[in-house]
Amino acid sequence: MTKRRILDDITQLPKTIERGAVHMGNIEGMDNYFVHGQVFGDSDVQGTLMLSENCIWQGNVVADVVVIKGEVTGNVTARSKIELRNTAKITGNLQAPILAIEHGANIRGDIHDDCFITHFEERRTH
């Protein structure tokens, strides 16, 4: 059974890049990742990649599921779903079967024609 929010489906603790940390290079793996710091590189993650409000990512993002609250300069591709929260700032193209955009997210780029786009306003406080 899938839940409405992506974070509700994650059962194990993700690998983390802490706030203030700078990662130079690509991130690849079969795991979930939570990024609070800065990344200069590309990703190919078989799992969920969550970019926090403080995250700055420069490079292309590829993962099964991508949740963005921070800033990305590069293309974002998800095999399943992209979720853009109200603080997200994207400069690049988006491609995924499902694209969920919270009111306030900022996109400067193209959205692939095959995306099913849904808009939402978060009502949860946690």
In percent, what relative contact order does the range 40-126 have, based on Cα pairs under 8 Å that are 6 or more apart in sequence? 20 percent
Show me, for the range 72-82, the HN-Hα J-couplings you get by feeding each phi into the Karplus relation (A = 6.51, B = -1.76, C = 1.60, θ = phi - 60°), rounded to Hz, glycine and proline as x. 10, 10, x, 6, 10, 10, 10, 6, 10, 7, 10
Report, in deg cm²/dmol and to the nearest 500, the calculated mean residue ellipticity at 222 nm for the chain, where each DSSP H run with n ≥ 4 adds -39500 (n - 2.57) and the sum is divided by the residue count. -500 deg cm²/dmol
Cα-centred dipole magnitude for the range 61-126, charges only on beta-carbon of K, R (+1) and D, E (-1), debye, nearest 20: 220 debye
Pull out the extension gain between HIS23 and THR118, defined as 0.36 nm times the separation in residues minus the alpha carbon to alpha carbon distance; nm, one decimal. 31.0 nm
So, for the Cα atoms of the chain, Rg and Dmax in Å stand at 13.2, 37
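So, with +1 on the Cβ of K and R and -1 on the Cβ of D and E, and no other charges, what is the size of the charge dipole of the chain about its Cα centre, to the nearest 20 debye?
Magnitude of the dipole: close to 380 debye.
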Let's test the formula: R0 of 22 Å, r as the Cβ-Cβ distance of ASN54 and GLU102. What FRET efficiency results, to the nearest 0.05? 0.80
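Bear in mind these aren't lab numbers, they're just calculated from the coordinates by the rules spelled out. Everything numeric here is computed off the predicted structure, so don't read it as measured data. Heads up, the Cβs are rebuilt from the backbone with ideal geometry, glycines too, and the neighbour counts pull from every protein chain shown.
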